[in-house]
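Working notes, structure below.
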2 protein chains.
Amino acid sequence: MKDTKKRVIIERVIPQIDGGRFPAKRVLEETVKIEADIIADGHDHLAADLLYRKGGESEWRTMPMLLLVNDLWRAEFVLNTLGLYEFTVRAWIDRFDTWRSGLLKKYEAGQNVSVEMVEGAQLLAQAAQDAAERDRMLLQEKIEILENDDLPMLNRMEAALDGELSGAMRKYPDGFSLVEYDRVLQIRVEPQNALFSTWYEMFPRSAADEPGRHGNFKDCIERLPYIAEMGFDILYLPPIHPIGKTFRKGPNNTAAAGPDDPGSPWAIGGEEGGHKAIHPELGTLEDFRDLLHQARNLGIEIALDIAFQCSPDHPYVKEHPEWFKQRPDGTIQYAENPPKKYQDIYPFDFESEAEPALKEELLSVFRYWIDQGVKVFRVDNPHTKPLRFWEWLIGKVKEEFPETIFLAEAFTRPKTMYRLAKGGFTQSYTYFTWRNLKWEIEQYLTELTRDPVQDFFWPNFWPNTPDILPEFLQMSGRPGFVLRLILAGTLSSSYGIYGPAFELGVNAPRASNTEEYLDSEKYQITQWDLNAPQTIRPMIKRINRIRKENPALQQTRNLMFHPVDREEILCFSKYTDDMSNIILVAANLDPHHTQSAWVKLPPEIIGKTAGNQHQPFQMHELIGDARYLWHSEQNYIELNPQVMPAQIFRVRRRVRSENDFDYFM
Amino acid sequence: MKDTKKRVIIERVIPQIDGGRFPAKRVLEETVKIEADIIADGHDHLAADLLYRKGGESEWRTMPMLLLVNDLWRAEFVLNTLGLYEFTVRAWIDRFDTWRSGLLKKYEAGQNVSVEMVEGAQLLAQAAQDAAERDRMLLQEKIEILENDDLPMLNRMEAALDGELSGAMRKYPDGFSLVEYDRVLQIRVEPQNALFSTWYEMFPRSAADEPGRHGNFKDCIERLPYIAEMGFDILYLPPIHPIGKTFRKGPNNTAAAGPDDPGSPWAIGGEEGGHKAIHPELGTLEDFRDLLHQARNLGIEIALDIAFQCSPDHPYVKEHPEWFKQRPDGTIQYAENPPKKYQDIYPFDFESEAEPALKEELLSVFRYWIDQGVKVFRVDNPHTKPLRFWEWLIGKVKEEFPETIFLAEAFTRPKTMYRLAKGGFTQSYTYFTWRNLKWEIEQYLTELTRDPVQDFFWPNFWPNTPDILPEFLQMSGRPGFVLRLILAGTLSSSYGIYGPAFELGVNAPRASNTEEYLDSEKYQITQWDLNAPQTIRPMIKRINRIRKENPALQQTRNLMFHPVDREEILCFSKYTDDMSNIILVAANLDPHHTQSAWVKLPPEIIGKTAGNQHQPFQMHELIGDARYLWHSEQNYIELNPQVMPAQIFRVRRRVRSENDFDYFM
């Protein structure tokens, strides 16, 4: 834009990620706010439109932007279709409004405005050239009044200030000064469970009720009510494909498996097939589709684990040796992290000449499972495959199936995790698993919820996974499990647990210096006693119900921390845009001792609820369903971890009127 | 970059402003740090080069970037030429280094590495294809050793790990994986006084020694030693052009001037000429050039005020009526801010059809004065002319004269001020003039010194101007003037005062509710008594000398505030990159009362000076030339504003050795 006559400048249009290189994420039915800085020289009034359209539309829709403050303009609209939207901004000098405002000031100061009337008429005549018939007639009528020296000035002023006239003039931007922002930006509209979801991970082969039997999809169907009753809406299964035999791992990740050892589900592919096949002991494709169907009836989506790697027995190895790296000795390169060797795993060679065919095949894996009805995928170790490959693949899938969800299982360096999310992954694993102290939780969550991170990176918090039994859980007993559950489920709108190990409080590591589970399900079948007395199943059910009933907990970017003068107590709040739902959480991070503190309520909450800080209001504690009256900003909290390590308050307005004097709305 | 086989990602290359739309600013001889986030999938080692060139060069220079931490890479180089530099980044998978590192780990773990030797030889052979003769021979020699099964493995390992080999291999990037950042970014190298300058503003017509006589350039020459002695290096003169008579303003901005009233220098143009002419009473063009010459001999540059507006008597009005807006009644549109009228000023119409000729003419105004030897311009109200016009004009001037400096006199809304700076203005007026409390100084300066603001917006702090006698100065007496001087001169590397009003402590406003000076020099000639007893000239001289002697004060982005448990006391430090110069300032912002506090020294300073916090070190107070021993982090400060409202400490290392046991270096 080198035309020096163009006086309007449009800057910092948001949401915007890396100069528009990636779309910003939002969810279906969300109202998206588009903002821009718009300036020009001098005092002229400006006007601006948001231009937006859905993917595939060629025409822009326009919507006027409003000036808020400090040259910041905003427009908002509801995203009612999945997939990509495009938007940009245009702005111009609003000569009519500038003229109208100056005219009024001059007239009120008693100045002669007859020349201004002629100038105004010229502006109207200019607009009339492009105007629709109806507007043109209005403009013509006003022009005649403005130009008529014989009329009293009061009448001409009335005509000039007429609201209908302003409305008509706003429709015809001044083409001379109009500029468009130099980029078209994108928003990707995700399904609502992309932002708010509650995951349960489970090994199907451990789902059998009879000891020693290999569990299958029918057992999973039996297990569904158990999972639904706890309030989970995504059931995530480790890979369901045939498992390789060559270099199969035995219990506790030992090098050599016995003949009956089932192997790791992530060693994918055997003579029965590869990524599009089902491990025979789990059942048939029809069984799987039945599981999908039965789960959906209970409000549960099945998430498949897609791990793009092969056991040496995978059919690809014979059929497409060109997809793997050949070593000079003719062998295929296995995975390694020198000096460690993972001989049971062959990684794909994404730099091979056959990469175009390879990536089409991998895309077809997703298409295959989507055709069976799967919408949610947990992608294993995406950071060990090229980042641009994922961007391509997810883009392709989402073009056809915008309702799909991709969770990136990448516990890797921060910038790589962010880039995976920018490139299309819907949700991401995080470092929450290892964040236990107040300062580190506050620091990490502040990073995750700041702009523009929340525009592309949506966390999914896991207190445990089959690979990770964090030291905190090893050492903190039942209070630790309850605490981590509450933190995961209230800090992040998406979270998940690996069960039944989690609800049963399994906390034994393979060795004292490791985070691996003892007798991990990754390498053997486990018999679970779901009704063991130590289960925290009722607690999980409670937290998930609180999440469902409180929209404030169904997003993550609204998180705010509040100061508490005790390092062991974490305090934060979340509320909905309209403040109709306000949640305040206080958690004792010390699983061993009772801790107490004075919690200072944030002024935003006080202002929006009690109205002023001297008026008492009600705090509804949702875990124990207790109600408290809080009378001032400062309130005493005492949390005994053996009883309950945290409190989740819903802040309720205090209402006082003749009609409902002792109710709280 | 849609090639999914390209595994390397380059992000966030900085300095970068608005996606590369504007160059980042640096000064001559500065070492610029270029940083980038560079990642790829998996564990492969990466390598990266910075590519850079000076304006006009077609070939890139390359410089290896180093990995610092967290996937952040950096390279730095010295900017030894004024004008534009371009830079970008390229990165690739360093297959040799990946192989070398894996080889070593496997060898140390006792694994057989004979296949690895063949793989290494293949990498060397690949590089040898592009290698220069000398390198090719080295590679060939190493290939033979690597491939030689008859040699002991130890010898082959030695060949593989050879440092000379690594050096040679680093020269030949792997073309298959190489990616370039998708943008070329720019740096504008400014002269050193763009960043570090000390301005003195003065009305030449008030420079005469005899009462009643109109001062002139010869008087200015007489005044030069006075200015130089105080330590100023830029003498800024309000417009020196003929002044219009039509609607000329009288003393104190009254509507009608008497026949002897000189008028405002900003009402530019009369029958004697316009923007390229000199007001006859100031002298001739030769006098002006003499002033330039004599000033430069004293290390002072003359800054001209360029105000692009015309009095009704300006020759342009008759010669180029098409450059002004004609009203329907045939008159020319004067400046207005309804209902206020400024009938003595005609703004240019930058939207006129004749704008191309108008802007060329305005460019020629700068060229004209540059031809006379002027290098520094203070531009009046740039925010009332199109922002893209300035970008074009400054770009044109800087192409030919990269040593020029443009100071934007824009006291307008923040985003407009920033945009003027991005578009080319070297320095900018700021809101410092009205920032008096600790929180507002800290907040404002934190904004000005954060990234990327310091890459484009270089503040020039003015405690007063002919237009602004801030209320703080009206009410705070001599301590207030000294305080504002110290703050301006230490917070910002560029600052200026409007004198002699400032050094003489002139503090009478035209009325109690205004910031205008009583009997302002803008509308009348003032007789100054430079030797009046109240002058703070010695103080100014002292501060300017401290600035000259301490490189830490010659930049602004290095500012850091430190907590002090008293609202009236502000504490901040600045140090050079190499920590050879460390300045700590403590200022009492209350001009009326003595204030005291415990100042906590920042750990960075303690760490770099005394070595540990229990070792005493010396604080050299530079205003009073006193030395103190501080023994711990916490130190007591007491500031009586009547004596001295601030202290400027140079932190000196404590050195202890036999040779110089009682010296401080």
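The values are calculated or read from the model by the stated rules, or taken from the named source; none is laboratory data. All figures in this text were calculated on a predicted structure; none of them were measured in a lab. So basically every Cβ, Gly included, is an ideal-geometry build from the backbone, and we count neighbours across all protein chains shown. These area figures cover heavy atoms from the full protein model, side chains too; ligands, DNA and RNA do not enter into them. Shrake-Rupley method; radii C 1.70, N 1.55, O 1.52, S 1.80 Å.
Around A:Gly250, with a cut-off of 15 angstrom between Cβ atoms, what is the net charge of the other residues, counting Lys and Arg +1 and Asp and Glu -1?
Once positives and negatives cancel, what remains is -1.
Output, in nm with one decimal and in ascending order, the distances from the A:Val118 label point to the matching label points of the other copies (7 Å from Cα along Cα-to-Cβ).
Inter-copy label distances (nm, one decimal, shortest first): 9.5.
Any idea what the relative contact order of the range A:470-620 is, in percent, if you count C-alpha pairs under 8 Å spaced at least 6 apart?
20 percent
With every protein chain left in place and a probe of 1.4 Å, what is the accessible surface of A:Asp44, to the nearest 10 Å²?
Estimated to the nearest 10 Å², A:Asp44 gives 60 Å².
Taking loop as defined by DSSP and a crowding limit of 13 other beta carbons within 10 Å, which GluC sites (Glu not before Pro) in the range A:333-441 fit?
Sites meeting the loop and neighbour criteria: A:Glu353.
Using the alpha-carbon atoms, what tilt in degrees (0 to 90, nearest 10) does helix B:114-128 show relative to the longest principal axis of chain B?
Its long axis makes an angle of about 50 degrees.
Calculate the all-directions average of the projected area of the range B:343-502's alpha-carbon convex hull, and give it in nm².
11.3 nm²
In degrees between 0 and 90, to the nearest 10, how far off the longest principal axis of chain B does helix B:537-549 point, with axes built from Cα atoms?
Roughly 20 degrees, rounded to the nearest 10.
What is the Cα centroid distance between the range B:1-72 and the range A:551-575, reported in whole angstrom?
Here the two parts' Cα centres lie 38 Å apart.
How tilted is helix B:95-108 with respect to the longest principal axis of chain B? Cα atoms for both, answer in degrees (0 to 90, nearest 10).
Once rounded, one gets 50 degrees.
Using the crude model of +1 on Lys and Arg Cβ and -1 on Asp and Glu Cβ, and no other charge, please compute the dipole size for chain A relative to its Cα centre, in debye to 20.
Result for chain A is approximately 1000 debye, rounded to the nearest 20.
Ordering A:Met475, B:Met65, B:Met560 by accessible area with a probe of 1.4 Å, largest first, what comes out?
Heavy-atom accessible area, descending, gives A:Met475, B:Met560, B:Met65.
Any idea of the accessible area per residue across the protein assembly as shown, 1.4 Å probe, to the nearest Å²?
41 Å²
Can you give the helix-only mean residue ellipticity at 222 nm for chain A, where every DSSP H stretch with n ≥ 4 adds -39500 (n - 2.57) and the sum goes over all residues, rounded to the nearest 500 deg cm²/dmol?
That calculation yields -8500 deg cm²/dmol at 222 nm.
Contact order normalised by length for the range B:45-136, with contacts defined as Cα pairs under 8 Å and 6 or more residues apart; what percent is it?
About 27 percent, as a whole number.
Please calculate the 1.4 Å probe accessible area of A:Tyr368, with all protein chains present, and give it to the nearest 10 Å².
60 Å²
Between copies, how far does the label point of A:Val643 sit from its twins, in nm, shortest first, when each point is 7 Å from Cα along Cα→Cβ?
The answer, with the shortest distance listed first, is 5.8 nm.
If you roll a 1.4 angstrom probe over the protein chains with everything in place, what fraction of the accessible area of chain B belongs to carbon and sulfur, to the nearest %?
49 percent
About the Cα centre of the range A:392-516, what is the dipole size in debye to 20, counting +1 per Lys and Arg Cβ and -1 per Asp and Glu Cβ, all else neutral?
Rounded to the nearest 20 debye, it is 200 debye.
What net charge is computed for the residues neighbouring A:Glu210, neighbours being all others with C-beta under 15 Å from the C-beta of A:Glu210, Lys and Arg scored +1, Asp and Glu -1?
Value of the local net charge: -1.
Of the options B:Ala132, B:Ser101, B:Leu154, report the single residue whose Cα projects farthest towards the positive end of the charge dipole of the range B:96-170 (beta-carbon charges: Lys, Arg +1; Asp, Glu -1).
Looking along the dipole axis, the top candidate is B:Ser101.
Between B and A, buried accessible area summed over both sides at probe 1.4 Å, in Å² to the nearest 100?
5500 Å²
Using a Förster radius of 35 Å, what is the FRET efficiency between B:Tyr342 and B:Asp529 based on their Cβ-Cβ separation? Nearest 0.05, please.
In this case the efficiency is close to 0.55.
Can you find, among A:Pro402, A:Leu291, A:Met417, the residue sitting farthest towards the positive end of the charge dipole of chain A, where Lys and Arg contribute +1 and Asp and Glu -1 at Cβ?
A:Met417
May I ask you to evaluate 6.51 cos²θ - 1.76 cosθ + 1.60, the Karplus curve with θ = phi - 60°, for each residue of the range B:155-170 and list the ³J(HN,Hα) values in order in whole Hz, giving x for glycine and proline?
Calculated HN-Hα couplings, in order: 5, 5, 4, 4, 5, 5, 8, 4, x, 4, 5, 4, x, 5, 5, 4 Hz.
Can you work out which chain B residue has the shortest Cβ-to-axis distance for the rotation that carries B onto A, and give it in Å?
Spelled out, residue of B and its Cβ distance from the axis onto A: B:Gly19, 2.
Please list 3J(HN,Hα) in residue order for the range A:414-424, calculated via the Karplus relation 6.51 cos²θ - 1.76 cosθ + 1.60 where θ = phi - 60°; whole Hz, with x for glycine and proline.
With coefficients 6.51, -1.76 and 1.60, one gets x, 5, 5, 4, 5, 5, 4, 5, 4, x, x Hz.
Rank B:Val374, B:Ile187, B:Asn588 by how far each Cα sits towards the positive end of the charge dipole of the protein assembly as shown (+1 on Lys, Arg Cβ; -1 on Asp, Glu Cβ) and give me just the farthest.
Projecting each Cα onto the dipole axis, the largest value belongs to B:Asn588.
Shielding by partners for B:30-42, please: the mean number of other protein chain Cβ atoms within 10 Å of each residue's Cβ.
4
Could you tell me whether chain B comes out rounded, prolate or oblate from its Cα gyration tensor? Rule is a ≥ b ≥ c as square roots of the eigenvalues, rounded for a/c under 1.5, then prolate if a/b exceeds b/c, otherwise oblate.
oblate
How big is the gap, in Å, between the Cα center of the range B:254-330 and the Cα center of the range B:347-415?
So the two Cα centres are separated by 16 Å.
With +1 on the Cβ of every Lys and Arg and -1 on the Cβ of every Asp and Glu, and nothing else charged, how large is the dipole of the protein assembly as shown about its Cα centre, in debye rounded to the nearest 20?
1660 debye
On the first, second and third principal axes, largest extent first, how far apart are the outermost C-alpha atoms of the protein assembly as shown in Å?
113, 88, 61
So which GluC sites (Glu not before Pro) in the range A:1-104 end up in coil per DSSP with only 16 or fewer other C-beta atoms within 10 Å?
A:Glu29, A:Glu57, A:Glu59
Average partner chain C-beta neighbours within 10 Å, per residue of B:385-393?
Per residue, the number of nearby Cβ atoms from other chains is 5 on average.
Grab the other residues whose beta carbon is less than 14 angstrom from that of B:Gln595, score K and R as +1, D and E as -1, and report the net.
Taking every Cβ under 14 Å from that of B:Gln595, the sum is -3.
What full-extension length gain, to one decimal in nm, is calculated for A:Thr446 and A:Met579 as 0.36 nm per residue of separation minus the Cα-Cα distance?
45.8 nm
May I ask you to derive the FRET efficiency for A:Asn155 and A:Lys276 from their Cβ-Cβ distance with R0 = 56 Å, giving the value to the nearest 0.05?
About 0.10, to the nearest 0.05.
Can you list residues from other chains, or at least 5 along the same chain, whose modelled amide H is less than 5 Å from the amide H of B:Ile569?
B:Leu589
Let me confirm one metric for peptide B:407-419, namely the mean number of other chain beta-carbon atoms within 10 Å of its residues' beta-carbons.
3
List the relative contact order of the range B:414-530 as a percent without decimals, with contacts defined as Cα pairs under 8 Å and 6+ residues apart.
Once normalised by length, the contact order is 24 percent.
According to a simple spin-label model (label point 7 Å from Cα along Cα-to-Cβ), what is the distance in nm between A:Asn513 and A:Asp329?
Distance between the two pseudo-spin positions: 3.1 nm.
Kindly sort B:Trp392, A:Trp266 by accessible area of their heavy atoms, largest first, with the probe set to 1.4 Å.
B:Trp392, A:Trp266
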